[in-house]
Amino acid sequence: MRTGVFTFPTDYGIDPGELGRALEERGFDSLFVCEHTHIPVSRRSPFPGGGELPRRYKHTHDPFVALSFAAAATTRLILGTGVCLVPQRDPIITAKSVASLDRLSGGRFEFGIGGGWNVEEMEHHGARYPTRFKLMRERVLAMKALWTQEEAGFQGQYVHIEPSWLYPKPLTRPHPPVLLGGETDHTLRRVVEFCDGWFPRAGAGFDPAVAVSRLRAAAEGAGRDPGSLTITVFRAPPDAAALARYREAGIHRVLLEVPDLDRDGILRRLDEMAPLARG
């Protein structure tokens, strides 16, 4: 089992390049970054975690720019979005960003995706909450076509792309792994239909053995090889005994949280978590 981290790459935190180097030096597998394009002031959507919306949600760098700085400063670190809000992104531009980052990083990118929860944020991008997952599916399928075909087009209910050339193609073949966040049975059906891995959150009551069994059952029910799918657990507990259960269950990767502290605070936190990366 591999151990990485996730963080909100904020403008008041650590430089992404320095963070990437620090993670690589301490033996971490990967860096996944969160995304919010902006936060509408209306704040109609309640924060899923309860209470006031944390400061970090309003201060995130663009994930592809932040990961590019981390890529340039490292040689082995896996770089991922955790998660990219696909319903809020143009699929052609996003396909080019993914392919460019994967190629320039030497094939080190993984594409974590999600539907999003902030209704007013996605509405500013022309997406609607009730249909966000249908839109996400079509955009992912369209991007896969652009990554893998010489002349690619896509015609769906929400996405219309006439046959086009899009380069560069990703270095990772056929394309970087697509990991879908969420915990519901609907999520698992989407994972086995058009993704390469599952990206659940380790909330209260999360059982890694049950998670592995759920994904296996969903894959077998859809006629897909369970061995072709991975599980990366978001916000895993930073505890060696708990992580041992994840390893025994067959989880492929866990992501520990790097909080939105200042530079020195983040580096101290990485030193505290480093034994878990080597465990």
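Any read-out appearing in this document is the output of simple, stated calculations on the displayed coordinates, not a laboratory observation. All values reported here derive from a predicted model rather than from experimental measurement. Virtual Cβ from ideal backbone geometry, glycine too; neighbours counted across all protein chains shown.
Exactly one residue out of Gly112, Gly107, Gly80 is part of a loop (DSSP other than H, G, I, E, B), touching a residue at least 40 places away in the same chain (Cβ under 8 Å) and either under 17 Å from the mean Cα position of the chain (by Cα) or closer than 24 Å to Leu255 by Cα (or both): that is Gly107. For region 242-252, enumerate the residues that are out of contact with any strand residue (DSSP E or B) (no Cβ under 6 Å at 6 or more places or on another chain) and not in a helix (DSSP H, G or I). Of everything in region 242-252, just one residue is out of contact with any strand residue (DSSP E or B) (no Cβ under 6 Å at 6 or more places or on another chain) and not in a helix (DSSP H, G or I), namely Gly250. Out of Glu35, Glu52, I need the residue that is in a loop (DSSP other than H, G, I, E, B) and crowded, with 23+ Cβ neighbours inside 10 Å. Which one? None of the other options fit; the residue is Glu35.
Checking each residue in region 204-220 for being surrounded by 11 or more Cβ atoms within 10 Å (Cβ to Cβ) and either touching a helix residue (DSSP H, G or I) at 6+ places or on another chain (Cβ under 8 Å) or assigned to a loop (DSSP other than H, G, I, E, B) (or both) picks out Phe206, Asp207, Pro208, Ala209, Ala211, Val212, Arg214, Leu215, Arg216, Ala218, Ala219, Glu220.
Please indicate, with yes or no, whether at least one residue in region 254-268 is crowded, with 16+ Cβ neighbours inside 10 Å and at positive phi. No, region 254-268 has no match at all. Would region 224-242 turn up any residue that is in contact with an Asp or Glu (Cβ under 7 Å, 6 or more places away or on another chain) and more than 20 Å from Val33 (Cα to Cα)? Within region 224-242, one or more residues are in contact with an Asp or Glu (Cβ under 7 Å, 6 or more places away or on another chain) and more than 20 Å from Val33 (Cα to Cα). Could you check, for region 222-241, whether at least one of its residues is of a type in the set (Ser, Thr, Tyr), buried (at least 16 other Cβ atoms within 10 Å of the Cβ) and in a helix (DSSP H, G or I)? No, region 222-241 has no match at all.
Among the conditions (1) surrounded by fewer than 16 Cβ atoms within 10 Å (Cβ to Cβ); (2) closer than 17 Å to Pro238 by Cα, the only one that Thr7 does not satisfy is (1).
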